[in-house]
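Structure first, then comments.
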Amino acid sequence: MQGKHQLLLTFAATTLALGLTTIMAAAQQPQPPLPTPETPPPVPPILQSYKPVTQDELRQPADGDWLMFRRTYNGWGYSPLSQITAANVGGLKPVWTLATGQIEGHQAPPIVNNGVMFVATPGNQVLAIDAKKGDLLWRFKRPIPEDMLLLHPTSRGVALYRDKVFFAAADAVLIALDAKTGKEVWKATVEDYTHGYYMSLAPLVADGKVMVGASGGELGVRGFIAAFDAETGKPVWKTYTVPAPGEPGSENLAKRRSMEDRRRSGMDYRYLRSRDQYQLLGNRQWRSVDG
């Protein structure tokens, strides 16, 4: 009996010694660092060499670039590239595809700078894509407020200037993103979405200013165009596209209200709650500032 007890003690001591040896050996091995939420993912090579957009390039982009909504300030929407012709267009085949995760209508032109494509989608989303490979480089998505009445949840595109991407978010907020990382650099409230304002247009950049307007004519907003400093996001100026009562041209607003009321009689739109809304369909900007 005593010999059996001694054997058990010896076995237990040996097991403990082996366990301690294993733990000490494991502790001496170098352990990989634990991932932290603050550690940003590596920047893809194509973005490491991202070429900032200058004002001169906005005026005269390279043939392979499409830097704004209609490519150039004159709004022609014309590309000088000649590889695709009437003779070979029938032979085009898909090279890559990418699902954006949104099922609503996509209305934004791809904005391309030196091989990097930026696509704005419905759902307050911007994607950066390798134009040749179709690889997703980064994704930015801003939540849409639950209490927002958003009649047209789409976007007509982004604007580029220097190292930033400018996005007009649906909830009437202008956002500047770092073109290399997709991280928010600054944001500026353009208007109050609880008053019927929303944005779906592509911003326009000129001489260091980002210009946007707002949608919401269906809800009786007063149209305007506003400019913000491209580096800081601070407001620079704001001009209304519809006169206020007493201003030149306001004498025509009463006639316009009457016509709109008759045309939309019977429709349950919130702007009909008051016939004193002189801003009815007030020349909103829904596509781009230049169109």
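The values are calculated or read from the model by the stated rules, or taken from the named source; none is laboratory data. As the structure is a prediction and not an experimental result, all values here were calculated from the model. Every residue, glycine among them, receives a Cβ derived from its backbone with ideal geometry; neighbour counts consider all protein chains shown.
Tallying residues that are in a loop (DSSP other than H, G, I, E, B), surrounded by 12 or more Cβ atoms within 10 Å (Cβ to Cβ) and under 24 Å from the mean Cα position of the chain (by Cα) within region 234-255 yields 0. For region 194-230, which residues satisfy the criterion of being over 26 Å from residue 74 (Cβ atoms) and either among the small types (Gly, Ala, Ser) or surrounded by 14 or more Cβ atoms within 10 Å (Cβ to Cβ) (or both)? Across region 194-230, the qualifying residues are 196, 197, 198, 216, 217, 218, 219, 220, 221, 222.
All conditions in (1) without any contact (Cβ under 8 Å) to a residue 24 or more places away in the chain; (2) crowded, with 17+ Cβ neighbours inside 10 Å hold for residue 141, with the sole exception of (2).
Residues in region 118-143 that are in a loop (DSSP other than H, G, I, E, B) and farther than 25 Å from residue 220 by Cα: 131, 132, 133, 134, 135, 142. Checking each residue in region 149-166 for being in a loop (DSSP other than H, G, I, E, B) and either basic (Lys, Arg) or farther than 30 Å from residue 65 by Cβ (or both) picks out 149, 150, 151, 156. Among the residues of region 79-102, the ones that are loosely packed, with under 10 Cβ neighbours inside 10 Å and part of a loop (DSSP other than H, G, I, E, B) come to 14 in all. Of all the listed residues (231, 191, 146), the sole one being out of contact with any strand residue (DSSP E or B) (no Cβ under 7 Å at 6 or more places or on another chain), without any contact (Cβ under 8 Å) to a residue 12 or more places away in the chain and in a loop (DSSP other than H, G, I, E, B) is 146.
Residue count for region 59-84 satisfying the condition of being at positive phi and at pLDDT below 95: 2. Check residue 170 against each of (1) touching a helix residue (DSSP H, G or I) at 6+ places or on another chain (Cβ under 7 Å); (2) crowded, with 18+ Cβ neighbours inside 10 Å; (3) over 24 Å from residue 57 (Cβ atoms) and name the one condition it does not meet. With (1) touching a helix residue (DSSP H, G or I) at 6+ places or on another chain (Cβ under 7 Å); (2) crowded, with 18+ Cβ neighbours inside 10 Å; (3) over 24 Å from residue 57 (Cβ atoms) applied to residue 170, the lone miss is (1). Looking only at region 110-138, residues that are under 11 Å from the mean Cα position of the chain (by Cα) and buried (at least 20 other Cβ atoms within 10 Å of the Cβ) come to 9 in all.
When region 85-123 is filtered for residues that are in contact with a Ser or Thr (Cβ under 9 Å, 6 or more places away or on another chain) and at negative phi, the ones remaining, listed by number, are 100, 102, 104, 105, 106, 107, 108, 119, 120, 121, 122. Figure legend. Inter-residue proximity from region 94-107: first residues free of Cβ contacts under 8 Å to residues at least 40 places away in the same chain, second residues surrounded by 13 or more Cβ atoms within 10 Å (Cβ to Cβ), beta-carbon distance below 6 Å, spacing 6+ or different chains. Indicated pairs: 96/134; 98/134; 100/121; 102/121; 102/122; 102/123.
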